[in-house]
Amino acid sequence: MKFELIKLNYDFNGLKPYISEETMEYHYSKHHRTYVDNLNKLIEGTEYADMALEDIIMKSQSGPVFNNSAQIWNHNFYFENLSPLMNQVPNLKILNLIHDKWWGYDQFKAEFNKMALSNFWSGWTWLVMNDNWSLEILNTSNAVNPVIMKEKKYVPLLTCDVWEHAYYIDYRNRRWEYMENFWKIVNWRKVEERMG
Ligand code: MN
């Protein structure tokens, strides 16, 4: 199986002014493409060659095959949870879960931003649902994602890429400003779909 870049359902300039066309071009056409090209090369003629992406992630667990397959998964997940239809708000089902845990939507966003800012590594900040139907915010490093945390039975709902390549062209070292603006382009309709 040859992996391909995910098809975006918005243009590179669709997330402006919060994420520039230049960032999208580099992030999607260079960084994301490199993971896809690397994985295709790495798995050719190996036991991974005919496996689905999530199976490759689960089986490899670490090393180059894991890093590249997980980064493809993470970027697909990230690009899909962004939308040019800006300033969306979560539906009542998600808002209720947010209120159960953090009291309010603003408090939740502040908590998520705090986690993202404290993620020391190149990594990802996630909103997940645990098997008690309760929401949690997680940080992961490098390519690690909730897919490999099998025993936790997390349903990943939303992610923010906090590798510097995701924001450095637009925000330089101001990760906090990237995080503030991230909420304006979250695709809550996609998050709802992931919740099932
Ligand atoms: Mn990235």
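The values are calculated or read from the model by the stated rules, or taken from the named source; none is laboratory data. No experiment lies behind these values; they were computed from the predicted model shown. Positions of Cβ are generated from backbone atoms using ideal geometry, with glycine treated the same way; all protein chains shown enter the neighbour counts. Note: accessible area is taken over every heavy atom of the protein model, side chains too, but ligands, DNA and RNA are not part of it. Shrake-Rupley method; radii C 1.70, N 1.55, O 1.52, S 1.80 Å.
Across the range 154-196, what is the total count of residues that are of a type outside the set (Ser, Thr, Tyr) and assigned to a helix (DSSP H, G or I)? Break it down stepwise before answering.
Taking the range 154-196 as the starting set, the residues that turn out to be of a type outside the set (Ser, Thr, Tyr) are 155-158, 160-166, 169-170, 172-177, 179-196.
Of the ones still in play, those that are also assigned to a helix (DSSP H, G or I) are 164-166, 169-170, 175-177, 179-185, 188-195.
Looking only at that region, the number is 23.
Among (1) open to solvent by 20 Å² or more (accessible area, probe 1.4 Å); (2) of a type in the set (S, T, N, Q); (3) touching a strand residue (DSSP E or B) at 6+ places or on another chain (Cβ under 8 Å), where does Thr159 come up short?
Here Thr159 clears every test but (1).
Can you confirm whether the range 78-95 contains a residue that is more than 19 Å from the chain's Cα centre (by Cα), open to solvent by less than 80 Å² (accessible area, probe 1.4 Å) and under 29 Å from Glu192 (Cβ atoms)?
As a first pass, look at the range 78-95 and keep what is more than 19 Å from the chain's Cα centre (by Cα): 91-93, 95.
Pick out the ones that are also open to solvent by less than 80 Å² (accessible area, probe 1.4 Å) and you get 91, 95.
The next check asks that each one be under 29 Å from Glu192 (Cβ atoms); those that pass are 91, 95.
Yes - at least one qualifying residue is present in the range 78-95.
Name the single residue, out of those in the range 125-145 being out of contact with any Pro (no Cβ under 9 Å at 6 or more places or on another chain) and not in a loop (DSSP other than H, G, I, E, B), that is surrounded by the most Cβ atoms within 10 Å (Cβ to Cβ).
Applying the first criterion (out of contact with any Pro (no Cβ under 9 Å at 6 or more places or on another chain)) to the range 125-145 yields 125, 130-137, 139, 141-144.
Within this subset, residues satisfying the condition of being not in a loop (DSSP other than H, G, I, E, B) are 125, 135-137, 139, 141.
On the way: Thr125: 23, Leu135: 19, Glu136: 15, Ile137: 18, Asn139: 16, Ser141: 11.
Once the filter is applied, the top-ranked residue is Thr125.
Looking at the range 39-48 only, could you name the residues that are open to solvent by 50 Å² or more (accessible area, probe 1.4 Å) and in a helix (DSSP H, G or I)? Reasoning before the result, please.
Of the range 39-48, the ones open to solvent by 50 Å² or more (accessible area, probe 1.4 Å) are 41-42, 44-47.
Matches in the range 39-48: Lys41, Leu42.
Which number in (1) in a helix (DSSP H, G or I); (2) surrounded by 14 or more Cβ atoms within 10 Å (Cβ to Cβ); (3) touching a residue at least 40 places away in the same chain (Cβ under 8 Å) marks the one condition that Met115 misses?
(3)
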